[in-house]
1. When both residues are 6+ apart or on different chains and their Cβ atoms are under 8 Å apart, which pairs have a first residue that lies in region 235-253 and is closer than 14 Å to ILE26 by Cα, and a second that is outside any helix (DSSP H, G or I)?
2. Does PHE305 satisfy the criteria of being over 20 Å from ASP94 (Cα atoms) and either surrounded by fewer than 21 Cβ atoms within 10 Å (Cβ to Cβ) or among the polar types (S, T, N, Q) (or both)?
3. Considering only region 119-128, I want to know if a residue exists there that is aromatic (Phe, Trp, Tyr) and modelled with pLDDT of 85 or more.
4. Tell me yes or no: at least one residue of region 256-270 is more than 15 Å from the chain's Cα centre (by Cα), surrounded by 17 or more Cβ atoms within 10 Å (Cβ to Cβ) and either of a type in the set (Gly, Ala, Ser) or closer than 17 Å to SER367 by Cβ (or both).
5. Select the helices (runs of 4 or more DSSP H) contained entirely in region 236-344, then report the ones holding at least 1 residues which are under 24 Å from ILE34 (Cβ atoms).
6. So which residues in region 287-323 are closer than 15 Å to GLY200 by Cα and touching a residue at least 60 places away in the same chain (Cβ under 8 Å)?
Amino acid sequence: MSILNIILKDVKIQFKQKRVLAIMIIFPIVLMVILGTVFNNDSNNGAIEDFNVAYEFIGEGPITEATQSMMEDLSSTEDIIFTKVENQSEAMKDIKSVKYACFIVVNEDLKEIKIYENERFNFEASIMETIMSTFVQRYNTIVEIVKVDPQLLANLPEDTISNKKFVGINSVEPTRTASALDYYGVTMLTLIILYSSMSGAYSTKSEKLKKTMDRMVIAPINKMNIFIGSTLGIVLSTIIQMIIVFSFSKYILKVYWGEHIIAVLLIILSLIIMSVSMGIASGYIFKNDSAMDAFLNLLIPVMAFLGGAYINITGINNKTFMLLSKLSPVKWVNSTIFNIVYNNNFSDFGITIGINIGIAILLMIISTISFNKEVS
């Protein structure tokens, strides 16, 4: 029996299990629809609460004066609290700690506005960016009108008019943000991938229970081919299942996966390999099925919660919790996917794949040692 035959055998076994297929394919899709709909309604119907915006003016002139006037008007009519800061580095730290929704830097000398947002999904920061964009467009319109005929704006104060073109917003974040459906489209997919570890674990146990492993071991084939083939079979079946879920979310539910699909799929693939490896290792480490179930059913929800699968954890202002969340591979996966999709930021791409593959290699070494002991 070749490796290919072993792979096909395991794929067929996985797809014959209707209950497993329902859990791995239908369950995440249902969760995407329910959670996406519920939280979208909450977002649309709920009132916007007060939020804080930090700002800094560099230099003095018509731009800073116009911006100051706009902020004063907003403060009196909207639930926005503007706080002037003197130390830019401290303000950036406050952004990371979610003290402010965003940090606006108005540079009179460079004729530039920069907006630093604390989170890529921050609804309040997106509102502020839209307001500033509208402000910039209005300011530029006034400047152009003045160039053509200053008398048209004779009633405006002179200090709000300048012959110097005001450069638009240079935001460090894109204007597109994730809707609830977009968010749970990603997190429910990564959550169900974690549960593929159960398939890996039970595949190991079922081979022993049905004695198929014993028959393959005494067959005239390389023993490692059995292990490699079985592992690749589970990985391949999980990949097929996740492609179905991914495609449904993208083309039917219209979940936004960005323009770098290949990069996103590579991250998903690395998580699949890690999850299957975790399950196979658990199957060899725990001789008792109940102990194995208890371990995986405890580990998976914890990893998922720390990774933001159930709720968006980016707004949690707790250093200990955020430090713990970095121990979860799911946190790296979700964060990196969102960074790529909404920020075109690949800074953690290699790290995330490295973490998943590194854990997978370690777990596969443990599994290989256990497998060799059992067949020797």
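1. PHE246/TRP257; SER249/VAL255; SER249/TRP257
2. yes
3. No, there is no match, as no residue in region 119-128 is aromatic (Phe, Trp, Tyr) and modelled with pLDDT of 85 or more.
4. no
5. 261-285, 289-306, 329-343
6. ASP289, MET292, LEU296, ILE300
The values are calculated or read from the model by the stated rules, or taken from the named source; none is laboratory data. Computed from a predicted model, the values in this text were never measured in an experiment. FYI the Cβ positions are ideal-geometry reconstructions off the backbone, even for glycines, and counts take in every protein chain you see.
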